[in-house]
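Structure record follows, encoded as C-alpha cells.
The values are calculated or read from the model by the stated rules, or taken from the named source; none is laboratory data. This is a predicted model, so every value here is computed, not measured. Here the Cβ positions follow ideal geometry from the backbone for every residue, glycine too, while neighbour counts run over all protein chains shown.
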Ligand code: CA
C-alpha cells in the first residue's frame, strides 16, 4: 500500500490562476502515481493525488477537480462504488482506470456513468487525449433531462431547443454552450469553464469567439437580446442562465 502521496495541499487551489484543468488522480500504485504526477503536470494539468478513497473524498471537497482519474482496485474500497458516490453529489467527469480488462468491468464502469475507461498499461499520450476529449464535452445532464427556462424547452437527448413547441435552430456549438449553461441553471459559469469545455486550446485572452456565440444565442433565445432575461452576463466573470 502506498502512502507516500498524501494531500498536495500546497498546489490545491479552488480556481487555478492560469486556467489549467485540475485533475484528481486516485491511484494506490506508486509507479503509476509517480508517472502521472510528472506526465500530467508536463501536459499542463494541475495534479492532486490521493492513494485511497478516504483521501479522495477530502480532496473532492478541497480542490474541486475538473476531472477524476479513478483506479478501480483501491486499498479501502472499490473505485466503481466511489464513482457512484461522486456522481451522486457532483457532475465532475470520471475516467475509470483498471488493471483488469474484462468486458464486464468496462460495461459496468460505463453503465454507472464513467466518462471513459482506460486499461493498464496505457500510454500517457493516449490517456491525455482521452482526458482532453472528456474535458471538451459539455457537462452532461442526466440522459432524460429536459431544462425549461421562460417559454423555452431544451431537450438534451434530442439536442433540440423549442419555444412553445416551435424548434429554435442552433448550431452544434451554440447548443453545447447552452447545454453547459443549462447544466448549471441559476449558477455562474466562468469564461474559463466555457473555453475549457468547448474550445480546448483556445487562448484565454482570445474570448471573442465565446462572446460571438453568446450574442448569437441571445438573438435566438431572448425576446429582447439587448436586455436579456435569461442569459445574463456577469461582468468580468462569466455568464448565468436564469429560469
Ligand atoms: Ca489499484
Just to verify a result, which residue in the range 65-85, among those that are under 17 Å from the mean Cα position of the chain (by Cα) and under 17 Å from residue 131 (Cβ atoms), is nearest to the ligand (Cβ to nearest atom)? 70
Can you name every one of the strands (runs of 3 or more DSSP E) wholly within the range 142-217 that holds 2 or more residues which are modelled with pLDDT of 90 or more and in contact with a strand residue (DSSP E or B) (Cβ under 7 Å, 6 or more places away or on another chain)? 152-155, 160-163, 166-168
Kindly provide the set of residues from the range 220-243 that are buried (at least 17 other Cβ atoms within 10 Å of the Cβ), part of a loop (DSSP other than H, G, I, E, B) and touching a residue at least 24 places away in the same chain (Cβ under 8 Å), ordered by number. 230
